[in-house]
């Protein structure tokens, strides 16, 4: 009995130390090359992808990296292509942090991080050429698909961008374009079921057919966020780690190892070239992992569908 | 890109709307009129929150997070009872036609009214409990699911309540009463009745009726809802017990 | 409401003894005064006073496009605004919450279910050209002075305003194709009257202590534990119901309240009808 209460006391002290001197608490762990959650410094948290959790969206995916949870959903709508690019569709990417995800966000007071991540996702997905916008055309100059890709953070526990990008990519990867055709009024209607008679009569149906089709994906971008503190380099930081040690560096690579983006938003720690190289090396390893996880999730999705 | 797309007007292609048909007393999803959808409930969905719950009733999927009791907003005056703050929003892809994703004011205030009578506000003076709900997918009867899920999240957060709050709605089609309606049924119902109650105390904290109802019909619908509410209460209690036993 | 303990007990005690502060019994209404046609620019309007509660409702008809899923019907929307003059707490954005609550409750009580059953206004009578054009009715309620029972007063005001509403006669030009906007001719001097006989009336029962009262004053409302508002039509069918106030109610009490409200509504409809009739007679002779 006595031993037990002593043990409890010891535990209380650790918890109090963690709250009162968070930086010292972390540094004592780091000097032993281990993190408070028992991870080595260069190991990411367990990562999983739940395929197609929402049947009513055109595509969806949920990603968990540790506790960080992201849900992405795609809704397809029809747009009139602009005159500059009459045979291209469009993608609109938005990242949301609803109040459920973190105690820092309240209704009417949105998170500062959200627009930043939103813009980063846009940059990465557009510059990686993941999607060929020409594939979104329905009838040149008349109609094209607008892809509304929206990512919601359900639980914020660090490395938000990594999880958001992975869920966005997973949703895009299993997006299927429904069969449609143009009717007499120039509006696009579903051609499922009634399709065969329609396509025969209408000469101007361009990209419409009777089968759902997948998009041909270019190189897929994956990312890894590293936290820099003194001489230490922590991979895939949690929310607590990010709040105590604020210098981050995000590397985005594609599957063939091309660097798509390198993002270091200030912070007290400066990244030496050697550190940056280390980060890129760690990211290359992580990309292999993520690629495998994504592949498994997609094949699982195919099994569900067939 | 995002700013450019904001100016483009888009529309959803015309997909045929499904109307519910009731042949031989069976609904489009195979349920009988007085049969609820299968419910999946789990606490602790969001780690960052003090308490949270996830609820899935058919295609209706909802997450509720509870934060606090925490410091009230600076502008708030002193209050010797706690405050309850509720907010409900939908994801843009939750509805068949893409939505705006902004806060649903009506549901927020309904959620507040449904819960305030059940929470012992005097147990946390000067502070606020925030209840935030996000509808991931709306497959019908969202508000009852949000309310039940919110009370589960409050229990998970350890907020003192008189009883769990459960809610069930029925749709009325001419002479038929259909419990726990799905989206298609709700969009062409003649009327609807929603009950929020504390099953163990046999108290109704919120009741709404729309459409035309005769008095005996109101009785019938209330009995149906109250029965389903008490069953839902049992399921929720089971869910909490399960969560507590896995913790130990 | 800043009331002393003595005042609170006086209100509660009076209600328990079936003699309220202003001499009424629990199920007595204050006298209802209705004026119609108070806003000349609107298609229809009415002002209702019950004690110091004073509200105005106006109906504005505008041309609009029917919604995609009910293309043979017009649309109706209800907005309520609480004037800052009505109570100090309505200043700034203070009245917003109450305004939304009242708007939602009125829509629920007056507009019926999704399929249109139980609606007080026949939406198909607002059709002009199917799928292309219809009348949109904008019903605005304004609370000028608040002394309790706002919902019932607004309900009566809207009923009176609708019976006062004239919709201009519209001639649609025949022979327009499916794609073009139909050409129409709006008459300046011919109007059709809206049929307001089906518009239900709202009865709010406010529970104070163990009893409930109708037509509560603002002092009585401050002491309520909960209130049930029901809209009932001429046939005695419930057309909508909302509950306010946090405290829970036993289901048997609710069923009791429904039957009491149903009974009261029939007397109230008769009173309101004769008041509207008298008001319109005054308006046309003036």
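Just checking, how many residues over segment B:210-248 are in contact with a helix residue (DSSP H, G or I) (Cβ under 7 Å, 6 or more places away or on another chain) and either crowded, with 23+ Cβ neighbours inside 10 Å or without any contact (Cβ under 8 Å) to a residue 60 or more places away in the chain (or both)?
Of the residues in segment B:210-248, 8 are in contact with a helix residue (DSSP H, G or I) (Cβ under 7 Å, 6 or more places away or on another chain) and either crowded, with 23+ Cβ neighbours inside 10 Å or without any contact (Cβ under 8 Å) to a residue 60 or more places away in the chain (or both).
Run down A:48, A:85 and say which single residue is surrounded by fewer than 20 Cβ atoms within 10 Å (Cβ to Cβ), touching a helix residue (DSSP H, G or I) at 6+ places or on another chain (Cβ under 9 Å) and part of a loop (DSSP other than H, G, I, E, B). Talk me through it step by step, then tell me what you get.
On the way: A:48 fails: part of a loop (DSSP other than H, G, I, E, B).
Exactly one residue qualifies, and that residue is A:85.
Within segment A:126-162, can you find the residues that are more than 14 Å from residue A:97 (Cβ to Cβ), at the interface with chain B (Cβ under 9 Å from one of its Cβ atoms) and not in a strand (DSSP E or B)?
A:126
Given the criteria within 22 Å of residue B:176 (Cβ to Cβ), modelled with pLDDT under 80 and surrounded by 13 or more Cβ atoms within 10 Å (Cβ to Cβ), does residue B:15 qualify?
Numbers: within 22 Å of residue B:176 (Cβ to Cβ): no; modelled with pLDDT under 80: yes; surrounded by 13 or more Cβ atoms within 10 Å (Cβ to Cβ): yes.
For residue B:15, the condition - within 22 Å of residue B:176 (Cβ to Cβ), modelled with pLDDT under 80 and surrounded by 13 or more Cβ atoms within 10 Å (Cβ to Cβ) - is not met.
Could you tell me which residue of segment C:252-265 is surrounded by the fewest Cβ atoms within 10 Å (Cβ to Cβ), considering only residues that are facing chain B (nearest Cβ under 7 Å) and within 28 Å of residue C:97 (Cβ to Cβ)? I'd like the intermediate steps shown before the answer.
From segment C:252-265, those facing chain B (nearest Cβ under 7 Å) are C:254-255, C:258-259, C:262; that's our starting set.
The next check asks that each one be within 28 Å of residue C:97 (Cβ to Cβ); those that pass are C:254, C:258.
Details: C:254: 21, C:258: 24.
Filtering segment C:252-265 for residues that are facing chain B (nearest Cβ under 7 Å) and within 28 Å of residue C:97 (Cβ to Cβ), the one surrounded by the fewest Cβ atoms within 10 Å (Cβ to Cβ) comes out as C:254.
What is the one condition in (1) more than 29 Å from residue A:65 (Cβ to Cβ); (2) in contact with a strand residue (DSSP E or B) (Cβ under 7 Å, 6 or more places away or on another chain); (3) surrounded by 14 or more Cβ atoms within 10 Å (Cβ to Cβ) that residue B:96 does not satisfy?
(2)
Looking at residue B:45, is it at the interface with chain A (Cβ under 10 Å from one of its Cβ atoms) and over 15 Å from residue B:142 (Cα atoms)?
yes
Quick check: is even one residue across segment B:73-84 part of a strand (DSSP E or B), under 22 Å from the mean Cα position of the chain (by Cα) and under 30 Å from residue B:183 (Cα atoms)?
To start, the set of residues in segment B:73-84 that are part of a strand (DSSP E or B) comprises B:83-84.
Add one more test, that the residue is under 22 Å from the mean Cα position of the chain (by Cα), and what stays is B:83-84.
With under 30 Å from residue B:183 (Cα atoms) added as a condition, the list becomes B:84.
The answer is yes, given that some residue of segment B:73-84 is part of a strand (DSSP E or B), under 22 Å from the mean Cα position of the chain (by Cα) and under 30 Å from residue B:183 (Cα atoms).
Residues that are within 12 Å of the chain's Cα centre (by Cα), at least 1 per element: which strands (runs of 3 or more DSSP E) completely within segment B:128-211 meet that?
Working: elements: B:166-173, B:176-179, B:191-198.
Ranges flagged: B:166-173, B:191-198.
Mind counting the residues in segment B:101-114 that are touching a strand residue (DSSP E or B) at 6+ places or on another chain (Cβ under 6 Å) and in a helix (DSSP H, G or I)?
Looking only at segment B:101-114, we keep the residues that are touching a strand residue (DSSP E or B) at 6+ places or on another chain (Cβ under 6 Å), and these are B:103-104, B:107-108, B:111-114.
From the residues that got through so far, the ones that are in a helix (DSSP H, G or I) too are B:107-108, B:111-114.
Of the residues in segment B:101-114, 6 are touching a strand residue (DSSP E or B) at 6+ places or on another chain (Cβ under 6 Å) and in a helix (DSSP H, G or I).
So which of A:49, A:74, A:100, A:91 is at pLDDT 90 or above and over 23 Å from residue B:59 (Cβ atoms)? Please lay out each step first, then the result.
Working: A:49 fails: over 23 Å from residue B:59 (Cβ atoms); A:74 fails: over 23 Å from residue B:59 (Cβ atoms); A:100 fails: over 23 Å from residue B:59 (Cβ atoms).
Of A:49, A:74, A:100, A:91, the one residue that is at pLDDT 90 or above and over 23 Å from residue B:59 (Cβ atoms) is A:91.
Look at residue C:97 and say whether it is crowded, with 19+ Cβ neighbours inside 10 Å, within 13 Å of chain B (Cβ to nearest Cβ) and farther than 30 Å from residue C:128 by Cβ.
Details: crowded, with 19+ Cβ neighbours inside 10 Å: no; within 13 Å of chain B (Cβ to nearest Cβ): yes; farther than 30 Å from residue C:128 by Cβ: yes.
Criteria not met by residue C:97.
Let me confirm something: among A:16, A:61, A:92, A:57, which residue is on the phi < 0 side of the Ramachandran plot and more than 14 Å from chain B (Cβ to nearest Cβ)?
Numbers: A:61 fails: more than 14 Å from chain B (Cβ to nearest Cβ); A:92 fails: more than 14 Å from chain B (Cβ to nearest Cβ); A:57 fails: more than 14 Å from chain B (Cβ to nearest Cβ).
Matching residue, one of A:16, A:61, A:92, A:57: A:16.
Looking at segment A:95-112, which of its residues are surrounded by 20 or more Cβ atoms within 10 Å (Cβ to Cβ) and either more than 7 Å from chain B (Cβ to nearest Cβ) or touching a strand residue (DSSP E or B) at 6+ places or on another chain (Cβ under 7 Å) (or both)? If you could, list the steps in order and put the result at the bottom.
Here is the first cut: in segment A:95-112, the ones surrounded by 20 or more Cβ atoms within 10 Å (Cβ to Cβ) are A:95-102, A:105, A:111.
Within segment A:95-112, A:95, A:96, A:97, A:98, A:99, A:100, A:101, A:105, A:111 meet the criteria.
Name the single residue that is nearest to the other protein chains (Cβ to nearest Cβ) among those in segment B:51-69 being on the phi < 0 side of the Ramachandran plot and surrounded by fewer than 23 Cβ atoms within 10 Å (Cβ to Cβ). Break it down stepwise before answering.
Step one: of segment B:51-69, the residues on the phi < 0 side of the Ramachandran plot are B:51-57, B:59-67, B:69.
This time we only want the ones that are surrounded by fewer than 23 Cβ atoms within 10 Å (Cβ to Cβ), so: B:54, B:56, B:59, B:69.
Values: B:54: 9, B:56: 10, B:59: 6, B:69: 12 Å.
Out of the qualifying residues, it is B:59.
Run residue A:131 past the list (1) at pLDDT 90 or above; (2) buried (at least 18 other Cβ atoms within 10 Å of the Cβ) and report the number of the one that doesn't hold.
Residue A:131 satisfies every listed condition except (1).
Could you list, in sequence order, the residues of segment B:212-248 that are outside any helix (DSSP H, G or I) and under 30 Å from residue C:121 (Cα atoms)? Explain how you work it out, then say what you get.
Applying the first criterion (outside any helix (DSSP H, G or I)) to segment B:212-248 yields B:212-214, B:248.
Those that are outside any helix (DSSP H, G or I) and under 30 Å from residue C:121 (Cα atoms): B:212, B:213, B:214.
Determine which member of the set C:202, C:269 is more than 14 Å from every other protein chain (Cβ to nearest Cβ) and either under 30 Å from residue C:10 (Cβ atoms) or touching a strand residue (DSSP E or B) at 6+ places or on another chain (Cβ under 8 Å) (or both). Lay out the reasoning, then the answer.
Details: C:202 fails: more than 14 Å from every other protein chain (Cβ to nearest Cβ).
Going through C:202, C:269 in turn, the sole match is C:269.
Hey, any hits in segment B:183-190 for a residue that's crowded, with 24+ Cβ neighbours inside 10 Å, in contact (Cβ under 8 Å) with a residue 60 or more places away in the chain and either closer than 19 Å to residue C:241 by Cβ or facing chain C (nearest Cβ under 10 Å) (or both)?
no
Exactly one of these conditions fails for residue C:224: (1) part of a helix (DSSP H, G or I); (2) free of Cβ contacts under 8 Å to residues at least 40 places away in the same chain. Give me its number.
(1)
Pull up segment B:191-201, narrow it to residues that are without any contact (Cβ under 8 Å) to a residue 60 or more places away in the chain and touching a helix residue (DSSP H, G or I) at 6+ places or on another chain (Cβ under 9 Å), then point me to the one that is nearest to the other protein chains (Cβ to nearest Cβ). Outline the logic, then answer.
Looking only at segment B:191-201, we keep the residues that are without any contact (Cβ under 8 Å) to a residue 60 or more places away in the chain, and these are B:191-195, B:197, B:199-201.
Narrowing the set further to residues that are touching a helix residue (DSSP H, G or I) at 6+ places or on another chain (Cβ under 9 Å) leaves B:191-195, B:197, B:199-200.
Values: B:191: 4, B:192: 6, B:193: 8, B:194: 10, B:195: 8, B:197: 7, B:199: 11, B:200: 11 Å.
It comes out as B:191.
Residue A:243 fails exactly one of the following numbered conditions: (1) buried (at least 19 other Cβ atoms within 10 Å of the Cβ); (2) under 20 Å from residue A:156 (Cβ atoms). What is the number of that condition?
(1)
Inside segment B:171-180, can you point out the residues that are within 12 Å of chain C (Cβ to nearest Cβ) and surrounded by 22 or more Cβ atoms within 10 Å (Cβ to Cβ)?
Matches in segment B:171-180: B:171, B:172.
Could you please find all residues in segment B:51-68 being in contact with a helix residue (DSSP H, G or I) (Cβ under 8 Å, 6 or more places away or on another chain) and not in a strand (DSSP E or B)?
Once the filter is applied, which keeps residues that are in contact with a helix residue (DSSP H, G or I) (Cβ under 8 Å, 6 or more places away or on another chain) and not in a strand (DSSP E or B), segment B:51-68 yields only B:59.
How many of the residues in segment B:202-231 are closer than 21 Å to residue B:162 by Cβ and more than 7 Å from chain C (Cβ to nearest Cβ)?
Residues in segment B:202-231 being closer than 21 Å to residue B:162 by Cβ and more than 7 Å from chain C (Cβ to nearest Cβ): 6 in total.
Given the criterion touching a strand residue (DSSP E or B) at 6+ places or on another chain (Cβ under 9 Å), modelled with pLDDT under 90, away from chain B (no Cβ under 11 Å) and over 22 Å from residue C:32 (Cα atoms), identify the matching residue among C:168, C:88, C:174.
From the options C:168, C:88, C:174, the qualifying one is C:168.
Here are some residues: C:236, C:141. Which one is out of contact with any strand residue (DSSP E or B) (no Cβ under 7 Å at 6 or more places or on another chain) and either more than 26 Å from residue C:283 (Cα to Cα) or assigned to a strand (DSSP E or B) (or both)?
Details: C:141 fails: out of contact with any strand residue (DSSP E or B) (no Cβ under 7 Å at 6 or more places or on another chain).
After ruling out the rest, the residue left standing is C:236.
Would you mention how many residues in segment B:70-92 are modelled with pLDDT of 90 or more and within 12 Å of chain A (Cβ to nearest Cβ)?
8
Any idea which of A:41, A:76, A:71 is in contact (Cβ under 8 Å) with a residue 12 or more places away in the chain, more than 12 Å from residue A:145 (Cα to Cα) and within 11 Å of chain B (Cβ to nearest Cβ)? Give the derivation first.
Values: A:41 fails: within 11 Å of chain B (Cβ to nearest Cβ); A:76 fails: more than 12 Å from residue A:145 (Cα to Cα).
Matching residue, one of A:41, A:76, A:71: A:71.
The values are calculated or read from the model by the stated rules, or taken from the named source; none is laboratory data. Everything numeric in this text was worked out from a predicted model, so none of it was measured. Here the Cβ is made from the backbone with ideal geometry for all residues, glycine too, and neighbour counts use every protein chain on show.
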